[in-house]
Amino acid sequence: MNAPFPTRTRTAAGLAGGLCAALGVTLAMAAPAPADAPTRTPVAQTVVSTDSNVCGFPVDITSVQTGFATISSDVTSADFHLTEQDTFTANGNSLTSAPYRFNIHFTLDAQGNFVHAYATGQLVLVPLPGGVTFRAAGRVDFVTSPGFAVVPDSGGSHHRDAFCAALAG
């Protein structure tokens, strides 16, 4: 099944593709009556993207996501509860994150434009060589944050330099 809301592919444009493709319901469909209960839909998908913002060079990212979405009856908001595991590849090097959980809440205006796409929780969690962990946690709005979100609007991010060094070679 498909929902009208995107996953955490980290950009507003990328957001629009992930869950729309994986869950298949479009915003153009007729909305049910407002009194209808929200729907809960399972999510299981793989999202592939490339980002050049995290390290200053292209990093290929494969994100495997599982969980569920609760979609409002008027199809103007959705709440996702997801577990994700990422694989990052660049310059012949590869790093795999530990599985981590986060929530994301999408709201759209009457024209179907994203108003907010807030993620809360773990944004990334990657064990690195040398015993440190690249991690970011907090809250980020993907509508206003370009690229793969590793620095939250509120919260913290640690060891990004070590992450990029491990991928640089």
Find which of ALA119, PHE142, SER94 sits farthest along the positive direction of the dipole of region 61-169, computed with +1 on the beta-carbon of Lys and Arg, -1 on that of Asp and Glu, about the Cα centre.
SER94
Accessible area expressed per residue, region 48-169, with surrounding protein chains retained (probe 1.4 Å, Å²)
44 Å²
Apportionment of accessible area to carbon and sulfur, region 43-160, percent (1.4 Å):
52 percent
How much accessible area does VAL75 have with a 1.4 Å probe, in Å² rounded to the nearest 10?
20 Å²
Post the alpha-carbon centroid distance, region 98-169 to region 47-69, in whole angstrom.
10 Å
In Å and from the alpha-carbon atoms only, list the Rg and Dmax of region 29-159.
16.4, 56
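The values are calculated or read from the model by the stated rules, or taken from the named source; none is laboratory data. All values derive from a computational prediction rather than experimental measurement. Neighbour counts run over all protein chains shown; Cβ positions are idealised from the backbone, glycine included. Ligands, DNA and RNA are stripped out before the accessible areas are found, and what is left, the full protein with its side chains, is counted by its heavy atoms. Shrake-Rupley method; radii C 1.70, N 1.55, O 1.52, S 1.80 Å.
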